[in-house]
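Working notes, beginning with the structure itself.
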């Protein structure tokens with residue numbers, strides 16, 4: 001009987017050791033996106049793009065001697081900082097992720113960076129949080145973003161608007177850091193260029209009816225309405241109330257409003273409306289579009305390439321330090337993102353991993369021509385988009 005018990009204990013120990021070894025051969029990266037809330041139609045392709053990079057690297061067999069990588073999704077919402085923080089904490093403490101891609105929105109990004117990323121020393125790279133205020137975060141160097149700041153997007157949109165001969169506008173913005181930042185950036189530059197803002201007001205997301213807000217904006221006498229809002233809630237509601245009342249039929253957007261769900265809902269009623277979103281046309285983006293198409297990832301909206309880049313940078317940083325230690329990943333992000341080194345584009349993660357494994361250097365270009373400044377942000381390019389025949393179409397890069 002003793003021999004049998006000893007044997008069973010030995011078997012149990014052996015099974016447990018095998019389980020530990022298997023677990024150690026797989027690491028996790030958190031995909032913290034706003035799967036519910038005011039941009040929920042934009043985030044699924046973003047998450048898919050990040051997961052595509054994770055699977056590409058994991059399947060290559062070159063990551064840290066064959067270590068596998070698993071993506072773990074969590075919902076950051078977009079406007080609930082407490083929910084985003086709780087989701088991030090679960091990723092860190094329960095799922096034991098080595099780093100996080102996200103959050104999606106600016107307000108939740110600030111909360112996660114301050115309450116989770118910096119205190120826990122975990123690298124967090126957002127592909128879509130664009131508020132200029134995020135440049136001032138006290139994040140101990142653990143927060144990066146592959147989406148450019150709204151400080152520049154507002155200026156570019158103001159310039160485009162003046163070039164179109166639009167000299168007077170009304171502005172409505174979602175009442176958070178994202179909306180306020182864009183409103184300030186656009187407004188300042190637009191007035192410098194000679195434009196006149198007849199009315200500016202904030203709106204709250206999640207309301208059933210926006211006729212009162214639209215009525216106030218319409219009373220300004222403006223014919224063109226700039227909407228710094230979100231595609232699935234306030235921004236969409238403002239458009240609906242505008243069209244229903246006949247107050248506005250000419251709209252100006254930024255990235256939070258650009259996506260197929262908008263044109264699928266309103267169709268040709270929005271013809272002539274236009275806006276900006278991060279991205280451009282260059283060697284990196286051309287290669288990314290081919291890869292994304294082959295993987296079934298839609299490219300008819302913003303932040304998809306940047307999401308791929310965010311995940312790729314985490315993986316390459318871990319390889320550069322030959323470790324999934326959180327401090328090591330943070331230490332090497334800038335090194336793999338910038339020159340010197342061999343250029344690595346989207347779809348070339350195996351090549352990048354091989355070079356790093358041999359002690360070489362890489363300059364990750366990725367899907368969106370990544371180059372970080374000294375605080376881990378990209379300068380970025382913007383695409384001018386216009387609605388023609390009921391669909392967003394690319395006009396040119398700025």
Scaled radius of gyration (Cα, divided by 2.2 N^0.38 Å) that region 122-195 gives: 1.26
What full-extension length gain, to one decimal in nm, is calculated for residue 295 and residue 379 as 0.36 nm per residue of separation minus the Cα-Cα distance? 27.5 nm
Run through all the Cα pairs of region 352-398 and give the fraction in each 10 Å bin from 0, expressed as whole percent. 21, 29, 26, 17, 7, 1
Among DSSP bridges having both ends in the chain, what percentage is antiparallel? Round to the nearest 5. 25
Evaluate the Debye formula for region 225-383 with equal point scatterers sitting on the alpha carbons, no solvent, and hand back log10 of I(q)/I(0) at q = 0.09, 0.11, 0.21 Å⁻¹, in q order, two decimals. -0.40, -0.55, -1.23
Given the options 370, 116, 94, state which has the largest fluctuation in a GNM of the chain using a 10 Å cut-off (strictly under) for Cα springs. 94
Full-extension gain in nm, residue 135 to residue 94, via 0.36 nm per residue minus C-alpha separation: 11.8 nm
Between 225, 217, 243, where does the largest GNM mean-square fluctuation fall for the chain, given springs only between Cα atoms within less than 10 Å? 243
Sticking with the crude label model, points 7 Å out along Cα→Cβ, report the distance from residue 191 to residue 342 in nm, one decimal please. 5.3
Given (1) 63, 52, 42; (2) 90, 48, 39; (3) 68, 39, 38 as possible values of Cα extents along the principal axes in Å, the one from the coordinates is (2)
Per-residue [θ]222 nm for the chain (sum of -39500 (n - 2.57) over DSSP H runs n ≥ 4, rounded to 500): -13500 deg cm²/dmol
If you consider only alpha-carbon coordinates, what radius of gyration and Dmax does region 79-236 have, in Å? 17.8, 55
Whole number please: convex hull volume per residue of the Cα set in region 73-162, in Å³? 87
Semi-axes of region 38-78's equivalent ellipsoid from the Cα gyration tensor, sqrt of 5 times each eigenvalue, largest first, rounded to whole Å? 27, 10, 5
For region 311-377, place one equal point scatterer on every Cα, skip the solvent, and apply the Debye formula. What is log10 of I(q)/I(0) at q = 0.14, 0.21, 0.24 Å⁻¹? -0.33, -0.76, -1.00
Let's test the formula: R0 of 41 Å, r as the Cβ-Cβ distance of residue 249 and residue 286. What FRET efficiency results, to the nearest 0.05? 0.75
Quick one: what do you get for region 166-246 if you divide its Cα Rg by 2.2 N^0.38 Å? 1.03
Expressed as cubic angstrom per residue, what is the convex hull volume of the alpha carbon set of region 30-118? 81
Cα centroid separation - region 271-315 against region 344-391, whole Å: 10
Choice from 328, 76, 104 with maximal GNM fluctuation in the chain (Cα, 10 Å cutoff): 328
Rounded to the nearest 10 degrees, the helix 43-60 long axis (Cα) sits at an angle to the longest Cα principal axis of the chain of 30
With labels modelled as points extended 7 Å from the Cα through the Cβ direction, what inter-label distance (nm, one decimal) is found for residue 265 paired with residue 164? 2.0
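Where a number appears in this text, it was derived from the coordinates with a stated rule and is not lab data. In this text the structure is predicted, and so the values were computed from the model without any measurement. Counting neighbours? That spans all protein chains shown, and the Cβs are built from the backbone with ideal geometry, glycine included.
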